[in-house]
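Before any comments, here is the structure.
The values are calculated or read from the model by the stated rules, or taken from the named source; none is laboratory data. Just so it is clear, the structure is predicted and the values come from calculations on it, not from any experiment. Virtual Cβ from ideal backbone geometry, glycine too; neighbours counted across all protein chains shown. Keep in mind that these areas ignore ligands, DNA and RNA; they rest on the heavy atoms of the full protein, side chains included. Shrake-Rupley method; radii C 1.70, N 1.55, O 1.52, S 1.80 Å.
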Amino acid sequence: MNVPIPTPPPAVRVATGSPLPDWRKAAALVVDGNPTSRMTLAGQLRTMGLHSVGQVSRMSDARRELERSRFDVVVCGDEFPKEGGTGQALLDDLRRSGLLPYQTVFIMLTNEATYMKVAEAAESSVDSYLVRPYSAGSLSDRIEQARLRKAAMLPIYEALEADQPERAVALARERFQQRGPQWLLAGRLAAEIWLRLGRLEAAESLFQAIWELDPRPWAMLGVARTQLDSGSPHRAQDTLAALIEVESDYPEAYDVLGRVQMELGQFQAALISMEKAMELTPMSIVRQQRLGMLAYFCGNRDKAVDMLERSTYLGLDSKMFDSECLVLLALSAFAQSQPAQLERHLAELRKRLRAQPSDGRLQRFTDLVAALSYQQQGHKEKAANLVKLACAQASEPGFDMEAACNLLCALAWLEHKGAGLMTDTGVIDRIGRRFATSKAMRDLLANAANAHAPFAERLQRSQDDIIQLIERSVKAAGNGEPLSAFKELLRTAKATLNARAVESAWLVLQRYASDIPDAPALQEEIAKLRESYGTSTNKPALGDKRLRPAGGVNLGPLDRPAPVTADSADD
């Protein structure tokens, strides 16, 4: 029996005053590799009353159409085997490139609703996710619901797309305070924007207000996230304990709790928290990866390899897959003298780098594993050149804790196997002085280098001298010697790039600015140091920081990553 497809009204106006485009003037694009499915979809959309419906069979054609014309609706299949891609990959590319306006409704069609596919859809902010077989009425309903949501939130997202986050916050807060359409989402967006901008006190207050009005788990989780980012991990731990008591099956709470415990140096407790999140979502690629990474750097290499190999098996082609897994598996293969496995992981990294040649993180991964490969094959000069390059990067702003642990692990195994590639082992001390800002960080670095005991011991000692110097300088500032204390802290910060020294110099300058000549110019100098080497860049984080944070929401243009470039090393 043919069920009539509901025809939406010509135009709808929501309470914000933002009109939805008239369906009789709307344009749609169908992207599907199956000609039968494509024609059926196009017919359904025309029956709904859409003015113009285009069809393409390939992702590359979809990009060209979206570059050339504006569409109100895009309905896309999730698999394009002839091109070796997915609808998720297309959507990610469109959002990164700014080719998909916020007003455009993007509907994803799939043959199955696995955990991984749903997680990918959430990460990409798909407007709706429809599983075949579906009814024409369901498609119409999903599109109309998405249009209503977009119309209600349009002014806020237009401000974000115009790179006006403060205006977006003002509009979102006004909507929240007036309890207008989508007021809860508006409040969440305002808090999330503040969190991204570093307005942590304001973000925490708003998340708390949302929780008191409508106790959603994500609101209390937002409170904990702001507390963690503001440098109060113990407060965050207490907040998460209260949340878990109420919502014991909330996996994102265990994700954030694991982060808190890592910052506190409670690595075994962090493993337990991450295992709990995994139990609740056993098919989560992201959680398997993070658990495997933490287990690796905590010294439980066998468990780590099992988790990382499972992640690779389940999600190598998923957008949620993190190439850091390949680096750790390659390090393990080198340690176990398994050349075939190492070459397999290197080949996959090179393939990914060819697809994203401007990704500095991928370049660093590939060069490090290539160095192991060359050493394994007996090409010592090539291996030594890549090791030298990697060590030279240890002072760059983009060289983070992840890069430090990977490099230390590789250097330790090379030294353990007698490679003799390091002409200057001072890089061990330089990394230690830069990143060992707490006992937790120091222990993580030492664990990474535990294949060669002398390196691990040097890293364990690396923190002591700097901490004593910082504490002595801060005490001197309080005893009436702020200028000499500041100069000593600034000298230490520049020499070591240690985040604790950078932040201490900043605090002394803020407190004693009237006693320090040329304070405004020094403020600017320290601000640049903080941006590159401050606390925010120096945390024991796991995995790709460009992924949506646990419990967070996708903020579209605000989250769009800037291109990262790196000079490629010759093979």
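Some notes on this structure:
- Rounded if a/c under 1.5, otherwise prolate or oblate - segment 427-541, Cα gyration tensor axes: prolate
- Accessible area per residue, Å², segment 322-367 with all protein chains present, probe 1.4 Å: 38 Å²
- Site pair GLU83 and ARG491 shows an inter-label distance of 6.0 nm when each label is modelled 7 Å from Cα along Cα→Cβ.
- Approximating the spin labels as points 7 Å out from Cα along Cα→Cβ, the ILE272-to-THR425 distance works out to 3.8 nm.
- Applying 0.36 nm per residue to the separation of SER484 and GLU531 and subtracting their alpha-carbon distance, the gain on full extension is 14.5 nm.
- Efficiency of FRET between LEU389 and LEU213 - r from beta-carbon atoms, R0 41 angstrom, step 0.05: 0.15
- Using 0.36 nm per residue and subtracting the Cα-Cα separation, the extra length available between GLN356 and ASP306 on full extension is 15.2 nm.
- Around the Cα centre of segment 26-82, unit charges on the Cβ atoms of Lys, Arg, Asp and Glu (plus for the first two, minus for the last two) sum to a dipole of about 160 debye.
- Extension gain (nm, one decimal) between LYS380 and ALA162, 0.36 nm per residue minus Cα-Cα: 73.3 nm
- Under 12 Å, Cβ to Cβ, from LEU316 - net charge with Lys/Arg +1 and Asp/Glu -1: +1
- Burial order of peptide ranges 399-412, 295-308, 379-392, 213-226 (average beta-carbon count within 10 Å, highest first): 399-412, 213-226, 295-308, 379-392
- Taken along its three principal axes, the alpha carbon spread of the chain comes to 78, 61, 45 Å, from the longest extent down to the shortest.
- Expressed as a whole percent, the accessible surface of the chain that belongs to carbon and sulfur atoms is 50, based on a 1.4 Å probe.
- Reachable aspartates and glutamates, given that their alpha-carbon falls under 16 Å from the alpha-carbon of LYS388 and they are not under 8 places away in the same chain: ASP367, GLU396, GLU415, ASP424, ASP429, ASP567, ASP570, ASP571
- At R0 = 25 Å, FRET efficiency that the Cβ-Cβ distance of THR47 and ASP92 yields, to 0.05: 0.25
- Over the chain: helical MRE at 222 nm, DSSP H runs n ≥ 4 each giving -39500 (n - 2.57), nearest 500: -20500 deg cm²/dmol
- A Förster radius of 56 Å combined with the Cβ-Cβ distance from ARG132 to GLN341 puts the calculated FRET efficiency at roughly 0.90.
- The overall shape of segment 231-318 is oblate: from the C-alpha gyration tensor, with semi-axes ordered a ≥ b ≥ c, the ratio a/c is 1.5 or greater and a/b is no larger than b/c.
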